[in-house]
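The values are calculated or read from the model by the stated rules, or taken from the named source; none is laboratory data. Fair warning: this is a prediction, and the values are worked out from it, not measured in the lab. With ideal geometry, Cβ positions are generated from the backbone for all residues, glycine too; neighbour counts draw on all protein chains shown.
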């Protein structure tokens, strides 16, 4: 594992709407644009092999860098090249970060100065959700999957530990980018689970009413 003291002050960032990476989770990506192929090539030459995933921010784009302030960095832990020079990679979530400023330079991809303080929990042990009512949560999830005509390996979901279950669903379920950002910024596993439940219930109501009430 990369130590906090070894995390760099500047990292390449990949603004990808709806793509959520969380600490201690894995995100598969298909890299094919030339600028991101260059980003991957450059990242693989560094000790940490880090790439920062960050959501674009349309509001900030009017008077800023067009990025949300908080993202999550992942280490390239798996990659394979296709015959047409594309890459299939896996990022393993290391830690969230706060964007300080975008770095001007000659790379075709974007880079940012970032700060890692405030996210020490990301580098710690697997989180537990002591207030997690798994039975009621899986019942809610079952209604959501039925409404969306989705299938699931329910035995695996029942046996998964709290963090793996909550983070995997946060990453995989089809929520809007702003909702994904809310899941990313949740300060603890418990608050992420509460946010996830709110989003699922909101979807089951057909998006009616105030999601935060």
Subset of segment 17-38 [surrounded by fewer than 16 Cβ atoms within 10 Å (Cβ to Cβ) and in a helix (DSSP H, G or I)]: 34, 35, 38
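Conditions (1) closer than 26 Å to residue 58 by Cβ; (2) assigned to a strand (DSSP E or B), marked per residue:
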position: 98; (1), (2): yes, yes
position: 117; (1), (2): no, no
position: 141; (1), (2): no, no
position: 149; (1), (2): no, no
position: 152; (1), (2): no, no
position: 170; (1), (2): yes, no
position: 174; (1), (2): yes, no
position: 178; (1), (2): yes, no
position: 202; (1), (2): yes, no
Filter pass, residue 182 being outside any helix (DSSP H, G or I), in contact with a helix residue (DSSP H, G or I) (Cβ under 8 Å, 6 or more places away or on another chain) and not assigned by TED's automatic domain parsing to the domain that holds residue 23: no
Positions within segment 39-56 being part of a loop (DSSP other than H, G, I, E, B) and touching a strand residue (DSSP E or B) at 6+ places or on another chain (Cβ under 6 Å), in sequence order: 49
Boolean, residue 165 is part of a helix (DSSP H, G or I) and modelled with pLDDT of 95 or more: yes
Among (1) more than 14 Å from residue 192 (Cα to Cα); (2) exposed (fewer than 15 other Cβ atoms within 10 Å of the Cβ); (3) modelled with pLDDT of 90 or more, the one test that residue 150 misses: (3)
